[in-house]
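The values are calculated or read from the model by the stated rules, or taken from the named source; none is laboratory data. Worth saying up front: this structure is predicted, and the values here are computed from it rather than measured. Note that each Cβ is placed from the backbone with ideal geometry, even for glycine, and that neighbours are counted across all protein chains shown. We work out accessible area using only protein heavy atoms, side chains counted, and drop any ligands, DNA or RNA first. Shrake-Rupley method; radii C 1.70, N 1.55, O 1.52, S 1.80 Å.
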Amino acid sequence: MASSVLPDLIGRWRSLARRLRRAAEVVALTSLSAAAQDLQLDLPLDCTLGETCFIQQYVDMDPGPGAEDFTGGPLSYDGHRGTDFRVRDLEVLADGVPVLAPAPGRVRAIRDEMPDRLIEDRSEVAGRECGNGVAIDHGNGWETQLCHLQLGSIQVAAGDVVGRGDVLGRMGLSGATQFPHVHITVRRDGDVVDPFVADLWTTPPDYEPGGLLSVGLLDRVPEFDEIKAGTADASTLPTDPDAIVIWGAVFGGQAGDVMEMVILGTDGGVVFESDVTLDRTQAQLFRAAGRRLRDRTLPTGDYTGRVILRRAGEELDRLETTIPIR
């Protein structure tokens, strides 16, 4: 009996310790509230959160080897010191995504010399994880640093004065990048500050604990690299495909989440449906499901693919696409 009680007590103690740490951090950051009035931040991208951009990761608030965001959720990783604003895929990135000054200030430093490429091993860019970036001094000890800009895109120089919303450059893939995003770190007198806890946003972004990035219909299961590139969403399918498959890309997926995947035919009837349960927590992932057609010809017309992401039975997000079969 003692062996079963002890792990339970340890789990409760760790949970209490985490809550106490977060409470202490909030109390400490409350002292910044007056000073924070001289720094109010806009988003570093001209985008609509939840539609054209998403927050993939937040500042790591866990002082130990684990990671948790400011809500106690898992949208961070150990030692992460900023907020990551991402776009859906590389196709969006190729269109050009301007990175904006989040507040007025003077450019303290820039770097614009690193290539744009996705990496798997952060040691490849050790000491230069930020990649190409811009550091802005906002006065009164406040500074922001924006990272992972495209090589050759930076439009400002050290010493330049920038206004809120001025274009600094374009989002790229320089430094320690595994998806297209801009990373913003906020510092006060050299110490990292979580802008959500310190209430620094002019319009506080809603916290999204995960969601759908994109969905598509294909005649096969796509490769993840195709989804990341933005090339896995067919614009049309033939009437005699070998299969019809729906896929959905997710950010912030947690073990136990359910993806309801449905394909609707020309008459609105269900052609295929399946529930897929995620077996682990992942920062980004995709799942696909479908049916082989075995020489069956599909009626011509519009087909709709719909994915609903549920967590603990509650709908977290939904996304759908419609393409013709002809």
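What to note about this one:
- Any hit, region 43-58, residues being touching a Gly at 6+ places or on another chain (Cβ under 7 Å), part of a loop (DSSP other than H, G, I, E, B) and aliphatic (A, V, I, L, M): no
- Yes/no for VAL192 being surrounded by fewer than 20 Cβ atoms within 10 Å (Cβ to Cβ) and outside any loop (DSSP other than H, G, I, E, B): yes
- Subset of region 37-59 [modelled with pLDDT under 95 and of a type in the set (A, V, I, L, M, F, W, C)]: CYS47, LEU49
- Qualifying positions in region 206-260 - among the polar types (S, T, N, Q) and surrounded by 16 or more Cβ atoms within 10 Å (Cβ to Cβ): SER214, GLN254
- Residue match in region 60-81 (condition: assigned to a strand (DSSP E or B) and either touching a Pro at 6+ places or on another chain (Cβ under 8 Å) or at pLDDT 95 or above (or both)): no
- Pair list, Cβ < 7 Å and 6+ apart or interchain, from region 155-178 residues that are closer than 24 Å to ASP89 by Cα and at pLDDT 95 or above to residues that are basic (Lys, Arg) and assigned to a loop (DSSP other than H, G, I, E, B): LEU173/ARG117; GLY175/ARG128
- Selection from region 233-281 of residues that are more than 15 Å from LEU212 (Cα to Cα) and in contact with a helix residue (DSSP H, G or I) (Cβ under 6 Å, 6 or more places away or on another chain): none
- Failed item, numbered, when THR202 is tested on (1) open to solvent by 60 Å² or more (accessible area, probe 1.4 Å); (2) hydroxyl-bearing (Ser, Thr, Tyr); (3) farther than 22 Å from ARG106 by Cα: (3)
- Residues located in region 152-180, provided they are surrounded by fewer than 22 Cβ atoms within 10 Å (Cβ to Cβ), within 21 Å of ARG106 (Cα to Cα) and not small (Gly, Ala, Ser): GLN155, VAL156, ASP160, VAL161, VAL162, ARG164, ASP166, VAL167, ARG170
- Region 114-144 - residue that is within 23 Å of GLN40 (Cα to Cα) and of a type in the set (Asp, Glu) and, of those, surrounded by the fewest Cβ atoms within 10 Å (Cβ to Cβ): ASP137
- Listed by position, the strands (runs of 3 or more DSSP E) contained in region 266-326 that have at least 1 residues being among the β-branched types (Val, Ile, Thr) and without any contact (Cβ under 8 Å) to a residue 24 or more places away in the chain are 270-277, 314-325.
- Any hit, region 100-113, residues being within 28 Å of THR231 (Cβ to Cβ) and surrounded by fewer than 19 Cβ atoms within 10 Å (Cβ to Cβ): no
- Test: ARG18 is modelled with pLDDT of 95 or more, open to solvent by 50 Å² or more (accessible area, probe 1.4 Å) and among the charged types (D, E, K, R): no
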